[in-house]
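Colleague: Questions regarding the structure given below will be posed in turn.
The values are calculated or read from the model by the stated rules, or taken from the named source; none is laboratory data. Note that the coordinates shown come from a computational prediction; the quantities given were computed from them, not determined experimentally. Here the Cβ positions follow ideal geometry from the backbone for every residue, glycine too, while neighbour counts run over all protein chains shown. For the accessible areas, the whole protein counts, side chains as well, though only heavy atoms, and no ligand, DNA or RNA atoms are used. Shrake-Rupley method; radii C 1.70, N 1.55, O 1.52, S 1.80 Å.
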Amino acid sequence: MTDTTHTHAPTAEHAPDFPMKRAQGCPFDPPPALRALREQGPLVKVRLFDGSTPWLLTRHADQKSVLADSRFSADINQPGYPKQAPVKGRVRLSLPGMDDPEHAQLRRMISGAFSLKRVEAMRPAVQQLVDGFIDDMLAGPNPVDLVEALALPVPSLVICELLGVPYEDHDFFQVNSKTMILKSSTLDERQAAHQSLIEYLNGLLGKKLDTPEDDLLSALAERVGNGELPRQEAAELGVLLLLGGHETTSNMIALGTLLLLQHPDQLERLRTTEDPKLIVSAVEELLRYLTITHTGRRRVALEDVEIAGGIIRAGEGVIAPSDAANRDPEAFPDPDRLDIERSARHHQAFGAGTHHCLGQPLARLELQVVYGTLYRRIPTLRLATDLEKVPFKHDGFIYGVHELPVTW
């Protein structure tokens, strides 16, 4: 194999810091430095918090290729893995950090709960839930914080119902999940929050073992009882599903609404459409355009691999930032333009390959119902403050807004 590594890429000594913070003046766009890195080439070096210098892939096609390639490991314990925050000792792996065959085996245990057929059967219930919260908004104070009134409770209630988690405990798991994803949290604070959630889910699993119900935690508890799944691993999987089920979707609801309010022509087309296909395409375009998970999918090469015209050596880390892929002009013509009629389903907001987000059918359903209902029922919805005063989550690993004051 010939080494064709790009000679114009920054050397490890001169690698720029990996960019995560979005510009204050254009809060819906990826970090400006990502565009500059793309112009340097498809494969460039970046520097992380610990001084390591993994490769960064700037193109959609190359990212998709790497994320589907078993020669790249998702195991954070592998030497050279590009960590996004400090860790202590050896990390116990959760589903996103496992490689096959362990990853595939665990994924199969829960994939049925997120099948297209089962999720679609939830649509009437989700619609009723969304309508109920909008009724409360219309009957309550005006203005209101859309995050607290709709964006956070809807996905929280849905994932609680699916898992079998009491919704009255939502304050507890939302506070701890926020601690886990804040960049400003210390390692000890993150670990303490994670441990609190593990203990909470472990207790729920114990109750499901004694009194099973028709929910996903009960199904996991049954596998624990049969000796198919260690109880600790089941609890960790429950934490992952609980966090992933409400944090990402709630941020998309609020941030997507704010973006549409800045594009009134797009909002009007979405509000007045009677075509469900336009609602579907709007969801995909908003997922592409916003890409709220912006720390990059991370891997480490297990052997030398030729990619993007260069060689990634065994033991070298790789970062595949979805926000770069989703603004790649080769994959999405005129990528910085919001167009809800665009065919954007091939975006990588949910990742790619065997580790693509398991809950994406549920997230899509919730977003379709909210985006297809909120603006139709409240046609005069508008921002109740200046855009410059909206508190964006520049301090988190998942992007969004802390609150969104709206009026009508």
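Colleague: Being of a type outside the set (D, E, K, R), assigned to a loop (DSSP other than H, G, I, E, B), within 24 Å of I198 (Cα to Cα) and open to solvent by 50 Å² or more (accessible area, probe 1.4 Å) is the requirement here; does V87 meet it? Before the answer, list the steps.
Modeller: On the way: of a type outside the set (D, E, K, R): yes; assigned to a loop (DSSP other than H, G, I, E, B): yes; within 24 Å of I198 (Cα to Cα): yes; open to solvent by 50 Å² or more (accessible area, probe 1.4 Å): yes.
Answer is yes for this residue.
Colleague: While we're here: For the range 251-259, state whether one or more residues are at positive phi and in contact (Cβ under 8 Å) with a residue 60 or more places away in the chain.
Modeller: Filtering the range 251-259 down to residues at positive phi leaves none.
Within the range 251-259, not a single residue is at positive phi and in contact (Cβ under 8 Å) with a residue 60 or more places away in the chain.
Colleague: Counting just the residues of the range 95-116 that are under 21 Å from the mean Cα position of the chain (by Cα) and either under 30 Å from D17 (Cα atoms) or of a type in the set (D, E, K, R) (or both), which one comes out most open to solvent (accessible area, probe 1.4 Å)?
Modeller: Here the residue is R108.
Colleague: Something else: Only residues in the range 193-215 that are in contact (Cβ under 8 Å) with a residue 24 or more places away in the chain and closer than 14 Å to V165 by Cβ count as the first member; pair them with residues that are among the basic types (K, R) and assigned to a helix (DSSP H, G or I), Cβ under 7 angstrom, at least 6 apart or cross-chain, and list the lot.
Modeller: Going by the 7 Å Cβ cut-off, the qualifying pairs are N202/R231; L205/R231.
Colleague: Sort out which residues of the range 1-19 are modelled with pLDDT of 75 or more and assigned to a loop (DSSP other than H, G, I, E, B), and write them in order of number.
Modeller: A15, P16, F18, P19
Colleague: Return a yes/no flag: does the range 213-221 have any residue that is modelled with pLDDT under 95, surrounded by fewer than 22 Cβ atoms within 10 Å (Cβ to Cβ), outside any helix (DSSP H, G or I) and touching a helix residue (DSSP H, G or I) at 6+ places or on another chain (Cβ under 7 Å).
Modeller: Within the range 213-221, one or more residues are modelled with pLDDT under 95, surrounded by fewer than 22 Cβ atoms within 10 Å (Cβ to Cβ), outside any helix (DSSP H, G or I) and touching a helix residue (DSSP H, G or I) at 6+ places or on another chain (Cβ under 7 Å).
Colleague: Six or more apart or on different chains, Cβ atoms under 6 Å: show the pairs whose first residue is in the range 124-153 and of a type outside the set (A, V, I, L, M, F, W, C) and whose second is part of a loop (DSSP other than H, G, I, E, B) and open to solvent by less than 80 Å² (accessible area, probe 1.4 Å).
Modeller: Correct list of pairs: P143/A384.
Colleague: Among P153, P101, which is in contact with a Phe, Trp or Tyr (Cβ under 8 Å, 6 or more places away or on another chain) and either at pLDDT 90 or above or of a type in the set (D, E) (or both)?
Modeller: Numbers: P101 fails: in contact with a Phe, Trp or Tyr (Cβ under 8 Å, 6 or more places away or on another chain).
On inspection, the qualifying residue turns out to be P153.
Colleague: Within the range 286-397, considering only strands (runs of 3 or more DSSP E) that don't extend past its boundaries, which have at least 1 residues that are open to solvent by 40 Å² or more (accessible area, probe 1.4 Å) and over 28 Å from L150 (Cα atoms)?
Modeller: In the range 286-397, the matching strands (runs of 3 or more DSSP E) lie at 297-301, 305-307.
Colleague: Could you tell me which of the residues R47, R59, R35, R92 is surrounded by 15 or more Cβ atoms within 10 Å (Cβ to Cβ), within 24 Å of the chain's Cα centre (by Cα) and at pLDDT below 90?
Modeller: Details: R47 fails: at pLDDT below 90; R59 fails: at pLDDT below 90; R92 fails: surrounded by 15 or more Cβ atoms within 10 Å (Cβ to Cβ).
That would be R35, the only listed residue that is surrounded by 15 or more Cβ atoms within 10 Å (Cβ to Cβ), within 24 Å of the chain's Cα centre (by Cα) and at pLDDT below 90.
Colleague: Is it the case, given these coordinates, that A301 is of a type in the set (G, A, S) and closer than 22 Å to L259 by Cα? Spell out the reasoning first.
Modeller: On the way: of a type in the set (G, A, S): yes; closer than 22 Å to L259 by Cα: no.
So A301 does not fit the description; no.
Colleague: Do we have L157 as under 17 Å from the mean Cα position of the chain (by Cα) and open to solvent by 20 Å² or more (accessible area, probe 1.4 Å) here?
Modeller: It is false that L157 is under 17 Å from the mean Cα position of the chain (by Cα) and open to solvent by 20 Å² or more (accessible area, probe 1.4 Å).
Colleague: Identify all residues within the range 204-232 that are of a type in the set (S, T, Y) and over 18 Å from F114 (Cα atoms); write none if there are none.
Modeller: T211
Colleague: To continue, here is another question. Mind listing whichever residues of the range 180-193 are open to solvent by 40 Å² or more (accessible area, probe 1.4 Å) and either in contact with a helix residue (DSSP H, G or I) (Cβ under 6 Å, 6 or more places away or on another chain) or at pLDDT 90 or above (or both)?
Modeller: Within the range 180-193, M180, E189, A192 qualify.
Colleague: So, of the residues in the range 222-261 that are charged (D, E, K, R) and assigned to a helix (DSSP H, G or I), which turns out to be nearest to I398 (Cα to Cα)?
Modeller: Per the criteria, the residue is E247.
Colleague: A further question on this structure: Please go through the range 327-374 and pick out each residue that is in contact with a His (Cβ under 6 Å, 6 or more places away or on another chain) and either within 24 Å of L240 (Cβ to Cβ) or of a type in the set (A, V, I, L, M) (or both).
Modeller: Scanning the range 327-374 gives A331, L338, F350.
Colleague: Could I ask something else about it? Going residue by residue through the range 171-187, is there one that turns out to be of a type in the set (D, E), farther than 17 Å from H246 by Cα and part of a helix (DSSP H, G or I)?
Modeller: No: the range 171-187 contains no residue that is of a type in the set (D, E), farther than 17 Å from H246 by Cα and part of a helix (DSSP H, G or I).
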